Amino acid sequence: MSSNIRVAVVTGGNKGIGLAIVRDLCQQFSGDVMLTARDVARGQAAVQQLQAEGLSPRFHQLDIDDLRSIQALRDFLLKEYGGLNVLVNNAGIAFKTVDPTPFHIQAEVTMKTNFLGTRNVCTELLPLIKPQGRVVNVSSTESVRALNNCSPELQQKFKSETITEEELVGLMNKFVEDTKNGVHKKEGWPSTAYGVTKIGVTVLSRIYARKLSEQRAGDKILLNACCPGWVRTDMTGPEAPKRPEEGAETPVYLDLLLSDAEGPHGQFVSEKKFVEWGVPPESYPWANA
């Protein structure tokens, strides 16, 4: 296949917000749209659902917990397209509030997928991003709430403009270890594994954006973290006010930023607007609209 054909990849694309993002990109993105999912049967079923709607996504298996699976996708993209134009890191997990699983296990499992898995995808696929490419890491305002419930010392570290990837990974690993040792509250952590992992995703996005600005300044690649909002999915339950189609709006907006756009870049974006990292969601201008 010609390397001139543009391609967008969506992780966790077989349901919920991921499926809605794939649907929108099939309608609006000029190029191939790759729906990826851990489970082949579910992923192919999602593709067939979209084909029945007159759309034409492609499918590739991807388990972000499995480095070999990520590398297989990397090799496929290099062979088929010579790179990648749009990457949406949407895959993630969360335990239900009433889940009886011990908190330290929730922390370890959630961290493995939401932070370490997303980081591995970025490590393998960011070098493939072509000039004027777009990268969107789906985070959450729960990352902001978790940040504001961290100790002042941790908040300062996570808000730092100079924090390194290695330092961030060390902090994420420390959270998991502190939960295993039953000292996470004493060490200044909030009691939300999901929220802490999304702190990791948001800060990682800021770090990668900074690296892109330093190492590929002329390529006009834009990378951001975003919150899709509180969306009705299997993960969040039926009480959430937004439909998946509405949750897809901000990620897709960031995916389709014009080729000559200079921003947003390295930002946390909610409702298509970037907000200062750490500002409580209740203070967003549209919070009470």
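Just so you know, all these numbers are worked out from the coordinates, no wet-lab data involved. The structure presented is a predicted model; accordingly, all values stated were derived computationally and were not measured. Neighbour counts run over all protein chains shown; Cβ positions are idealised from the backbone, glycine included.
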Provide the gained length on full extension for the span Leu55 to Val98, in nm with one decimal, where the gain is 0.36 nm per separating residue minus the Cα-Cα distance.
11.7 nm
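Calculate the dipole size of region 69-126 relative to its Cα centre from +1 charges on Lys and Arg beta carbons and -1 charges on Asp and Glu beta carbons; express the result in debye to the nearest 20.
Around 40 debye, computed over region 69-126.
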Taking the Cβ of each residue in Arg134, Arg58 as the centre, tally the other Cβ atoms inside 10 Å and list the residues starting with the fewest.
Arg58, Arg134
For the Lys273, Arg68 Cβ pair and Förster radius 41 Å, calculated FRET efficiency rounded to 0.05 is 0.60
Among Gly182, Asn149, Thr162, which residue has its Cα positioned farthest towards the positive end of the charge dipole of region 126-191, with +1 placed on the Cβ of Lys and Arg, -1 on the Cβ of Asp and Glu, and the dipole taken about the Cα centre?
Asn149
Of the listed links Lys159/Lys180; Lys112/Lys174; Lys130/Lys211; Lys96/Lys273, those spanning more than 19 angstrom between alpha carbons are Lys159/Lys180; Lys96/Lys273
I need the fraction of alpha carbon pairs in region 68-128 separated by more than 16 Å, rounded to a whole percent.
53 percent
Region 1-156: proportion of alpha-carbon pairs further apart than 24 angstrom, %:
37 percent
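Under unit Cβ charges (Lys, Arg +1; Asp, Glu -1), what dipole magnitude, rounded to 20 debye, does region 29-87 have relative to its Cα centre?
It works out to roughly 60 debye.
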